[in-house]
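Participant: Please read through the structure below; I'll follow up with questions.
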Amino acid sequence: MTNVEKVSARCRHLRFVIDSSFVIRPSRRRTAKAGHSSFLGQRAFTLLEVLVVIAIMIILAGLLLSTFGYMQKKGARARAETEIAAISAACESYKADNGVYPQNGDTNTLDPTSNFDPTPPPPGQTNAYSQASLYLYEKLFGVTSGTRSEVPSSRSYFTFKPNMLYPTDTSLDVVGLRDPFGNLYGYSTRMAATGSGGYNPTFDLWSTAGGTTTNDVPKWVKNW
């Protein structure tokens, strides 16, 4: 065996190949293994990137939901303020024609200083909020018994939008006035009738802005 043959055999044992120009280069098997290791490294890095992107997306989704909830509440408050102002103006028109604001035993009973829960009653039932706001609806719309159809022969002081009426099922009679937060509007003439248990000497009109306890009173949307 010549010296060249001995060197070639030794290089093959060490996984090197000598080409015809006597240049030593790694064998294909070694190159393949190196390439395989590089592929695994790239794959692991890609998975890490995916995890980072998922984490960022979760954070952004949380921020978007929080912002959406805030904007939704802000819009509801703005709508409640507009509706309370419009209903109050209608009450003034009613008083100009009738000499008094809409008032009966139900509106004289509801006390905004002690009754903080405007949750709508179950179907077929009533509560203090629904009874008082129903009377207000009937007097301003010129109807009786909670009917949803306007009576041509009666004077109407305010046209209520369907989303202001409870229940939302238009096949049922109205039992109360619904605020933008899904609860009932409060209407009271207790202060005018008894001198206590209210805020205004004329009438109190308010939305609890989604609240149901005494701690929520500072957040109310009201006419006082």
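Participant: State yes or no: is Leu177 among the aliphatic types (A, V, I, L, M), surrounded by 13 or more Cβ atoms within 10 Å (Cβ to Cβ) and in a helix (DSSP H, G or I)? Step through it out loud before you land on a result.
Facilitator: Details: among the aliphatic types (A, V, I, L, M): yes; surrounded by 13 or more Cβ atoms within 10 Å (Cβ to Cβ): yes; in a helix (DSSP H, G or I): no.
Spelling it out, it is not the case that Leu177 is among the aliphatic types (A, V, I, L, M), surrounded by 13 or more Cβ atoms within 10 Å (Cβ to Cβ) and in a helix (DSSP H, G or I).
Participant: Condition first: in contact (Cβ under 8 Å) with a residue 60 or more places away in the chain and under 27 Å from the mean Cα position of the chain (by Cα). Can you find one or more residues in the stretch 119-142 that meet it?
Facilitator: yes
Participant: Okay, next question. Can you pull out every residue in the stretch 133-174 that is among the charged types (D, E, K, R) and assigned to a loop (DSSP other than H, G, I, E, B)?
Facilitator: As a first pass, look at the stretch 133-174 and keep what is among the charged types (D, E, K, R): 138-139, 148, 150, 155, 161, 169, 173.
Arg148, Glu150, Arg155, Lys161, Asp169, Asp173 - these are the residues of the stretch 133-174 that are among the charged types (D, E, K, R) and assigned to a loop (DSSP other than H, G, I, E, B).
Participant: Name every residue in the stretch 103-138 that is surrounded by 17 or more Cβ atoms within 10 Å (Cβ to Cβ) and more than 15 Å from Trp206 (Cβ to Cβ), in order of residue number.
Facilitator: Residues satisfying the conditions are Gln103, Asp106, Asn108, Thr109, Pro120, Pro121, Asn127, Gln131, Leu134, Tyr135, Tyr137, Glu138.
Participant: Inspect all residues belonging to the stretch 89-105 and state whether any of them is under 19 Å from Thr208 (Cβ atoms) and either of a type outside the set (Phe, Trp, Tyr) or out of contact with any strand residue (DSSP E or B) (no Cβ under 6 Å at 6 or more places or on another chain) (or both).
Facilitator: Here is the first cut: in the stretch 89-105, the ones under 19 Å from Thr208 (Cβ atoms) are none.
No, every residue in the stretch 89-105 fails to be under 19 Å from Thr208 (Cβ atoms) and either of a type outside the set (Phe, Trp, Tyr) or out of contact with any strand residue (DSSP E or B) (no Cβ under 6 Å at 6 or more places or on another chain) (or both).
Participant: Go through the stretch 182-219 and give me each residue that's assigned to a loop (DSSP other than H, G, I, E, B), of a type outside the set (Gly, Ala, Ser), under 21 Å from the mean Cα position of the chain (by Cα) and surrounded by 19 or more Cβ atoms within 10 Å (Cβ to Cβ). Before the answer, list the steps.
Facilitator: Looking only at the stretch 182-219, we keep the residues that are assigned to a loop (DSSP other than H, G, I, E, B), and these are 182-183, 185, 189, 195-203, 208-213.
If we keep only those that are of a type outside the set (Gly, Ala, Ser) as well, we get 183, 185, 189, 199-203, 208, 212-213.
Keeping just the survivors that are under 21 Å from the mean Cα position of the chain (by Cα) gives 183, 185, 208, 212-213.
Across the stretch 182-219, the qualifying residues are Asn183, Tyr185, Thr208.
Participant: Follow-up. How about the stretch 113-129: which of its residues are among the hydroxyl-bearing types (Ser, Thr, Tyr) and out of contact with any helix residue (DSSP H, G or I) (no Cβ under 9 Å at 6 or more places or on another chain)?
Facilitator: Correct list: Tyr129 only.
Participant: Does Thr82 meet the test of being under 19 Å from Ala209 (Cα atoms), at pLDDT 95 or above and either out of contact with any Pro (no Cβ under 8 Å at 6 or more places or on another chain) or part of a loop (DSSP other than H, G, I, E, B) (or both)?
Facilitator: Working: under 19 Å from Ala209 (Cα atoms): yes; at pLDDT 95 or above: yes; either out of contact with any Pro (no Cβ under 8 Å at 6 or more places or on another chain) or part of a loop (DSSP other than H, G, I, E, B) (or both): yes.
So Thr82 passes the test.
Participant: Let me spell it out: the conditions are (1) in contact with a Gly (Cβ under 9 Å, 6 or more places away or on another chain); (2) in a loop (DSSP other than H, G, I, E, B), and Tyr129 meets all of them except one. Which number is the exception?
Facilitator: (2)
The values are calculated or read from the model by the stated rules, or taken from the named source; none is laboratory data. What you see is a predicted model; the values in this text were computed from it and never measured. In this analysis, Cβ positions are derived from the backbone assuming ideal geometry, glycine residues included, and neighbour counts consider all displayed protein chains.
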